[in-house]
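J.: Please find one structure pasted underneath; my questions will follow.
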Amino acid sequence: MASNPVMDRIKAEVEAHPIVLFMKGTAQFPMCGFSSRASQALKSAGAHLHTVNVLEDAEIRANLPRYSDWPTFPQLFINGELIGGCDITVELFESGELARMVAEAQKPA
């Protein structure tokens, strides 16, 4: 398959940070309720998260669902792996699992 610069950029974002949330808006100024709830759950779980505002990058917004095979935003990646969207993130937070995953991902190597 030919290299796709957008897919390469998404992959680079996902691999460069232990916790990445592709969201509408930013953690400080979320532009949709789902993104807001997901980033809030991550912050409450102690995450130092890196966010990518898909509203500012049409190419990423168009290609991320193909990259992750997940149709909606936000999308949470921990250690390069798609965890899921808002509902899954909030469920993991409520069960305490998200805090464990975050702590694990942020452990110094």
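The values are calculated or read from the model by the stated rules, or taken from the named source; none is laboratory data. Here the structure is a predicted model, which means the values were calculated and not measured. A quick note on method: Cβ atoms are made from the backbone with ideal geometry, for glycine too, and the neighbour counts reach across all protein chains shown. Keep in mind that these areas ignore ligands, DNA and RNA; they rest on the heavy atoms of the full protein, side chains included. Shrake-Rupley method; radii C 1.70, N 1.55, O 1.52, S 1.80 Å.
J.: Residue check, Val90 against (1) open to solvent by less than 40 Å² (accessible area, probe 1.4 Å); (2) in contact with a Gly (Cβ under 9 Å, 6 or more places away or on another chain); (3) over 17 Å from Val14 (Cα atoms); (4) of a type outside the set (Ser, Thr, Tyr), all met but one. Which one?
T.: Here Val90 clears every test but (2).
J.: While we're here: Of the residues His48, His17, which is under 15 Å from Ala105 (Cα atoms) and surrounded by fewer than 19 Cβ atoms within 10 Å (Cβ to Cβ)?
T.: Working: His17 fails: surrounded by fewer than 19 Cβ atoms within 10 Å (Cβ to Cβ).
Going through His48, His17 in turn, the sole match is His48.
J.: Quick test for you: out of Ala109, Ala58, Ala103, Ala99, pick the one residue that is within 19 Å of Thr26 (Cα to Cα), aliphatic (A, V, I, L, M) and open to solvent by 30 Å² or more (accessible area, probe 1.4 Å).
T.: The unique qualifying residue is Ala58.
J.: Give just the number: which of (1) under 18 Å from Met7 (Cβ atoms); (2) out of contact with any Pro (no Cβ under 7 Å at 6 or more places or on another chain) does Pro71 not satisfy?
T.: Condition (2) is where Pro71 drops out.
J.: Show the residue pairs meeting these rules: Cβ distance below 6 Å; 6+ apart or different chains; first residue within region 84-109 and of a type in the set (Ser, Thr, Tyr); second residue open to solvent by less than 90 Å² (accessible area, probe 1.4 Å).
T.: Hits for this filter: Thr89/Ala38; Thr89/Ala41; Thr89/Leu76.
J.: Within region 1-44, can you find the residues that are of a type in the set (A, V, I, L, M, F, W, C), under 14 Å from the mean Cα position of the chain (by Cα) and either assigned to a loop (DSSP other than H, G, I, E, B) or farther than 21 Å from Asp87 by Cβ (or both)?
T.: If the condition is that a residue be of a type in the set (A, V, I, L, M, F, W, C), under 14 Å from the mean Cα position of the chain (by Cα) and either assigned to a loop (DSSP other than H, G, I, E, B) or farther than 21 Å from Asp87 by Cβ (or both), then Ile10, Ala12, Ala16, Ala27 are the ones that fit.
J.: May I pose another question? Please specify each residue of region 63-83 satisfying the condition of being touching a residue at least 40 places away in the same chain (Cβ under 8 Å) and more than 18 Å from Glu15 (Cβ to Cβ).
T.: Listed by number, the residues that qualify are Phe73, Pro74.
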